[in-house]
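What follows draws every value from the coordinates through simple rules; no lab data is involved. None of these values were measured; they are calculated from a predicted model. Don't worry about glycine lacking a Cβ; one is built from the backbone with ideal geometry, like all the others, and counts go over all protein chains shown.
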Amino acid sequence: MDMMKNKNTLLHLLVPVALLAAGAQAAPKKPVKVFILAGQSNMHGHGEIAKGEKGNLEWVVENKPAYQHLAGADGQWTVRNDVFVYSTDKNDKTRTGGLTAGFGALPTTIGPELQFGHAVGDFYDNDVLLIKAAWGGKSLAVDFCPPSAAGEAGYAHIPGAPKDTGFYYVQMLARVHDVLADIGTYVPGYEGQGYEIAGFGWHQGWNDRVSKPFNAAYERNMELFIRDVRRDLGTPNLPFVIATTGMRSMQAKDPRGDALIRAQQAMANVPDFNGNVAVVDTAAFWRDAADSPSKQNYHWNRNAESYLLIGQSMADALIALAQQNPSCAVRGAGKVPGLLAPTPPMGWNSWNAFEKEINEDIIRRTADLMVSTGLRDAGYDFLVIDDAWMANVRDEDGKLIADYEKFPRGMKAVGDYIHSKGLKYGIYQCRGHVTCQDLPGSFEHEEADMQSFADWGVDYIKLDSCYARKNGRLSSEDYAIYGAAIEKTGRPMILSISDFGQGAWIWGGKNYSQLWRTSGDIFPRINSVYRCAETSGGSGSSHPGFNGLWQFAGPGHWNDPDMLQVGNLKDPAYDKVHFSLWCVLAAPLMAGNDLRTMTDPTKQILLAPELIAVNQDPRGQQGYKVYNQDEIEIYNKPLSDGTTAVLLLNKGTNTTDVTVQWSQIGLSGEQPVRDLWERKELGTFTGSFTAEQLAQHGHRFVRVGTPGGAPLPGPVPTPPEKYTVMNKGTTRLADLYYVMKEGQAPTFDNGLRVKSESRVMYRLAGNADRFKASISLDAPSPDDAKGTFIVLVEDKFGGREIFKQEKMAKSDAPVEVDIDVSGLDFIMLEFTGKGAFGHWADARVESGPAAD
Ligand code: GLA
């Protein structure tokens with residue numbers, strides 16, 4: 001106790017201190033210290049607060065000067081305002097709040113947490129959060145069975161029912177994940193200072209002596225438990241303390257009980273546990289029944305002092321271990337509340353590798369592999385289950401259910417497993433009445449389905465758009481419904497718009513989602529990769545005048561040129577270009593390869609630390625082209641540290657040098673250049689840098705400049721008047737940038753010439769009254785071609801057609817279009833018909849009398 005600092009943490013003392021401090025500049029808060037207290041009934045805690053004559057908490061506080069701090073002068077139990085608890089009682093009721101008496105197995109009892117919390121709270125000036133995860137009557141062999149004790153490849157099944165092997169192991173770590181994901185709720189006054197998992201304490205009862213084989217396997221299981229917990233939490237040397245199951249009177253008559261304690265003590269002798277695992281001998285904490293509230297010997301006779309001593313000794317041991325081990329990484333720091341995706345989301349999605357053929361085995365093994373390959377720790381923390389996880393009918397209450405052949409324990413169990421690995425849980429749905437694979441979609445089930453996802457612990461929803469054209473709602477209306485339904489659940493969930501690139505960047509995707517597709521589906525071919533990259537970085541989905549969609553992305557909202565095909569392409573060199581492009585474009589990094597067969601080169605690409613750092617740069621500036629000619633592209637992505645990332649790429653067939661001039665990237669003079677793939681300095685260059693002899697698909701990705709300076713200026717966004725109808729009178733669409741296009745780009749002599757199939761979206765912003773054009777099939781059309789001209793409100797999935805001329809033939813006379821568009825924000829001109837070319841001649845909007 002002598003190492004404690006006196007922090008005046010008692011409530012009645014704190015009030016005046018807080019008042020005095022008011023007005024003074026508060027220092028930034030230190031990261032929260034998080035301790036996990038796990039185990040069985042004795043961690044749950046059966047120390048009586050008031051029951052019995054002797055040995056209850058009231059008696060202890062009255063009779064033992066060391067515990068005066070547990071109650072105030074007024075006789076009330078002290079409630080700490082710097083140590084907080086998340087716990088559940090033996091009836092699974094959640095209890096949270098400032099540390100005080102009553103966080104035991106019942107509100108009338110205490111466990112080790114009480115004195116543990118006081119001790120660590122006194123020692124650290126950080127706020128402290130204790131996460132209790134204890135369930136009585138469980139074994140390490142089955143209930144808390146660590147995955148690597150279950151078999152070479154982990155659990156045979158995702159544990160989803162209390163009797164399943166590993167169920168409580170998974171619940172324990174899933175709880176830790178869930179609480180930490182929402183730490184602000186449990187640590188009042190949390191300011192985004194982040195947290196540090198600082199220690200793990202284990203204390204249990206005698207259950208593991210009951211079965212002979214369980215007892216025999218205990219030592220091995222305990223060792224694997226410690227290793228697995230550390231791996232799954234991502235905290236390699238996490239200080240770990242075991243308080244032995246040392247109840248003296250029972251021990252004497254119980255050889256298997258003794259074996260249990262010996263196995264616990266043996267942990268101190270595992271060579272690599274030296275200095276990071278401690279075992280506390282609790283035998284001296286035993287109090288006889290005569291001095292205790294009860295004779296219930298397997299619960300320490302329910303003696304409060306025993307539990308206080310256990311808690312104190314565990315805290316002392318963890319504090320001592322912490323002195324020898326560098327503290328664990330601070331997590332979650334600087335997260336602006338409400339900003340769900342401050343940097344582009346990273347993770348893995350099942351679609352590119354497995355399409356419909358997913359099941360719990362694949363997902364479980366992928367989760368394991370995301371941890372063991374280092375992907376999770378590199379930032380890939382979402383595991384997204386794409387289409388075809390659901391049964392082909394809803395249940396009798398209309399709720400979505402898993403395809404039980406694929407996921408026998410249901411989707412909540414899958415989520416718990418994912419969470420237990422320190423990963424986040426993503427799931428797919430579609431806003432159509434069915435998904436793209438014709439399974440139940442969410443149309444007219446929006447609130448119920450978003451609630452199901454929240455109940456299952458989902459953190460990320462990919463919301464597709466197949467069949468949404470039938471919904472009778474604009475995309476902006478549809479996604480707003482989902483945004484509101486998600487908000488109503490109270491669970492923060494990322495919304496990823498999957499609509500093949502229908503202009504969400506402009507029609508307000510940002511208001512309800514964190515990312516939106518800019519392209520159709522990506523396929524494992526280099527040309528498909530380039531095509532998708534062009535939708536975000538070039539003119540693949542918008543007017544060339546924008547120079548890509550960079551101006552619509554930034555912290556909290558991202559352009560998504562679709563998921564990664566890294567590892568699925570023909571040549572590792574293609575995989576590298578692909579990854580470089582996605583990193584410079586600040587694109588979401590959703591791996592799409594089969595992790596079970598991932599090769600080392602693929603892994604090295606996905607893990608390339610300096611590329612990931614460029615992608616995840618907090619400034620969130622999407623890279624943009626500073627050069628684009630003859631299939632040579634140079635992208636520039638100014639970073640937060642004053643340097644800039646430059647990608648030099650040769651898509652053409654001729655081998656050539658590619659040079660970036662400093663003037664193109666806002667620099668001058670001598671500049672250091674670092675190769676991001678090779679992770680080495682290339683030297684100092686004056687005025688420019690040349691990537692020599694780049695063959696087709698060859699590229700260099702470098703960082704230029706000296707870190708630590710002021711951030712370089714970013715590019716200048718296209719002003720709204722270029723892409724928005726602003727004026728009264730007539731606006732020729734040929735003079736306006738379209739804000740979204742699909743299919744071949746239109747050409748513009750006297751109107752828009754288009755090739756089927758195409759869509760072009762314009763932003764009217766409510767400033768136009770009529771749309772006019774003269775439509776006909778254009779000259780290159782074959783004689784038998786039939787073309788259909790449609791004008792839609794907003795995008796194609798809105799399905800709101802305000803004009804339609806079907807199956808025009810080349811020989812048909814032009815048709816005059818003159819329709820009401822008043823009040824509309826966007827219109828889309830759609831042209832379909834096999835092989836046909838169409839002409840929206842003299843396309844224009846008009847409004848009111850022209851201003852003079
Ligand atoms: C669409 C999406 C893909 C995938 C499939 C699933 O094609 O764009 O990413 O989700 O549906 O059916």
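For the chain, what is the mean residue ellipticity at 222 nm derived from helices alone (per DSSP H run of n ≥ 4: -39500 (n - 2.57); sum divided by total residues; nearest 500 deg cm²/dmol)? Mind showing how you got there, number by number?
Working: 22 runs with 218 residues, N = 852.
So the helix-based figure for the chain works out to -7500 deg cm²/dmol.
Quick one: in the range 141-215, what % of C-alpha pairs are over 13 Å apart? Could you put the intermediate results ahead of the total?
Values: 2076 of 2775 pairs.
Above the 13 Å cut-off, the range 141-215 has 75 percent of its Cα pairs.
At a 4.7 angstrom Cβ threshold, list every cysteine in the chain that has nobody to pair with, or say none.
Cys145, Cys328, Cys430, Cys532, Cys583
Find, to one decimal place in angstroms, the Kirkwood hydrodynamic radius of the chain, where the mean of 1/r is taken over every pair of different Cα atoms and then inverted.
30.1
How large is log10 of I(q)/I(0) for the range 675-798 at q = 0.11, 0.19, 0.23 Å⁻¹ when the intensity is taken from the Debye formula with one equal scatterer per alpha-carbon?
Normalising to I(0) and taking log10 leaves -0.69, -1.09, -1.52.
So if I place +1 on the C-beta of Lys and Arg and -1 on the C-beta of Asp and Glu, and nothing else carries charge, what would the dipole magnitude of the range 160-256 be about its Cα centre? I want it in debye, nearest 20.
Approximately 620 debye in magnitude.
Hey, with R₀ at 60 Å, roughly what FRET efficiency would Ala66 and Ala613 work out to, going by the Cβ-Cβ distance, to 0.05?
0.75
Sticking with the crude label model, points 7 Å out along Cα→Cβ, report the distance from Arg256 to Asn274 in nm, one decimal please.
In this crude spin-label approximation the distance works out to 3.4 nm.
Run the quick spin-label model on Ala266 and Asp820: label points 7 Å from Cα toward the beta carbon, then report their separation in nm to one decimal.
8.4
What list of ³J(HN,Hα) values in whole Hz, one per residue of the range 436-450 in order, does the Karplus curve 6.51 cos²θ - 1.76 cosθ + 1.60 (θ = phi - 60°) give from phi, with Gly and Pro shown as x?
5, 9, 6, 9, x, x, 9, 4, 6, 10, 4, 5, 4, 6, 5
Figure the gain on full extension for Gln805 and Asn527 (residue separation times 0.36 nm, minus the Cα-Cα span) and round it to one decimal in nm.
Details: separation 278, 0.36 × 278 = 100.08 nm, distance 3.46 nm.
Gain on extension, Gln805 to Asn527, equals 96.6 nm.
From the P(r) of the range 558-619, could you give the percentage of C-alpha pairs in the tail past 14 Å?
Here the long-distance tail beyond 14 Å is 51 percent of all Cα pairs in the range 558-619.
Do any of Lys722/Lys804; Lys755/Lys834; Lys90/Lys132; Lys90/Lys424; Lys470/Lys755 go past 18 Å between their Cα atoms, and which?
Lys722/Lys804; Lys90/Lys424; Lys470/Lys755
Per residue, how much space in cubic angstrom lies within the convex hull of the C-alpha atoms of the range 291-409?
Values: hull volume 33.1 nm³, N = 119.
Per-residue hull volume (Cα only) is 279 Å³.
Say the dipole of the chain comes from +1 at the beta carbon of Lys and Arg and -1 at that of Asp and Glu; which of Val754, Gly848, Val279 then lies farthest toward its positive end?
Checking the options against the dipole of the chain, the answer is Val279.
Taking Cα atoms of the range 371-449, Rg/Rh with Kirkwood Rh, to two decimals?
Here Rg/Rh amounts to 1.03.
Given +1 on the Cβ of Lys and Arg, -1 on the Cβ of Asp and Glu, and no further charges, what dipole in debye does the chain carry about its Cα centre, rounded to the nearest 20?
1180
Roughly how large, in nm² to one decimal, is the mean projection of the convex hull of the alpha-carbon atoms in the range 386-539? Show your work: numbers first, answer last.
Details: hull surface 40.2 nm².
Taking the Cα atoms of the range 386-539, their convex hull projects to 10.0 nm² on average.
Shape of the range 55-103 from its Cα gyration tensor (a ≥ b ≥ c, root eigenvalues): rounded if a/c is under 1.5, otherwise prolate when a/b > b/c, or oblate? Could the numbers behind the result be given before it?
Details: a/c = 2.88, a/b = 1.65, b/c = 1.75.
Oblate, because a/c is 1.5 or more while a/b does not exceed b/c.
For the range 592-703, what is the charge dipole size about the Cα centre, in debye to the nearest 20, if Lys and Arg each add +1 at the Cβ and Asp and Glu each add -1 at the Cβ?
I would put it at about 280 debye.
Output the relative contact order of the range 256-393, whole-number percent, from Cα pairs under 8 angstrom with separation of 6+ residues.
Computed over the range 256-393, the figure is 17 percent.
Would you please give the FRET efficiency between Tyr404 and Thr686, computed as 1/(1 + (r/R0)^6) with r the Cβ-Cβ distance and R0 = 60 Å, to the nearest 0.05?
0.35
Can you put Phe552, Phe523, Phe144 in order, fewest other beta carbons within 10 Å first?
Phe523, Phe552, Phe144
Determine which lysines satisfy two conditions relative to Lys64: a Cα distance under 16 Å, and not lying fewer than 8 residues away in the same chain.
Within the straight-line cut-off, Lys64 pairs with Lys54.
Excluding the sites themselves, what is the longest stretch of the chain that contains no GluC sites (Glu not before Pro) in a DSSP loop with at most 10 other C-beta atoms within 10 Å? If you can, show how the numbers build up before the last one.
Details: sites that count: Glu53, Glu152, Glu357, Glu396, Glu405.
Looking at the chain, 406-852 is the longest stretch - no exposed GluC sites (Glu not before Pro) with at most 10 other Cβ atoms within 10 Å.
Figure the gain on full extension for Lys54 and Lys722 (residue separation times 0.36 nm, minus the Cα-Cα span) and round it to one decimal in nm.
232.2 nm
Could you name the aspartates and glutamates whose alpha carbon sits less than 12 Å from that of Lys796, not counting residues in the same chain fewer than 8 places away?
Leaving aside aspartates and glutamates fewer than 8 places away in the same chain, those within reach of Lys796 are Asp499, Glu742, Glu830.
Mind checking the angle between helix 526-537 and the chain's longest principal axis? C-alpha axes, 0 to 90 degrees, to the nearest 10.
The two axes meet at around 90 degrees.
Any lysines with Cα under 21 Å of the Lys30 Cα? List them, leaving off those in the same chain fewer than 8 positions away.
Cα-Cα hits under 21 Å: Lys5, Lys7, Lys335.
Can you put Lys51, Lys138, Lys804 in order, fewest other beta carbons within 10 Å first?
Values: Lys51 16, Lys138 22, Lys804 11.
With the sparsest Cβ surroundings first, the list reads Lys804, Lys51, Lys138.
Quick check: convex hull of the Cα atoms in the range 563-685, volume per residue, rounded to a whole Å³?
Details: hull volume 14.0 nm³, N = 123.
Given the Cα convex hull of the range 563-685, per-residue volume reads 114 Å³.
Listed here are the pairs Lys51/Lys93; Lys421/Lys576; Lys462/Lys637; which of them are more than 24 Å apart at the Cα?
Lys421/Lys576; Lys462/Lys637, as the Cα separations exceed 24 Å there.
Over the chain, what is the mean sequence separation of C-alpha contacts under 8 Å (at least six apart), divided by residue count, expressed as relative contact order in percent?
8
Measuring from label point to label point, each 7 Å out along Cα→Cβ, what is the Lys212 to Asn511 span in nm?
Reported label-point gap for Lys212 and Asn511 is 7.1 nm.
Of Thr731, Thr366, Thr659, how do they rank once you tally other Cβ atoms within 10 Å and put the fewest first?
In increasing order of surrounding Cβ atoms, one gets Thr659, Thr731, Thr366.
What does the charge add up to near Pro601, with Lys and Arg as +1, Asp and Glu as -1, over the other residues with Cβ less than 12 Å from its Cβ?
Local charge sum for Pro601: -1.
Using Cα atoms only, what is the angle between the long axis of helix 572-584 and the major principal axis of the chain, expressed in degrees (0 to 90) to the nearest 10?
Helix 572-584 sits roughly 90 degrees off the main axis of the chain.
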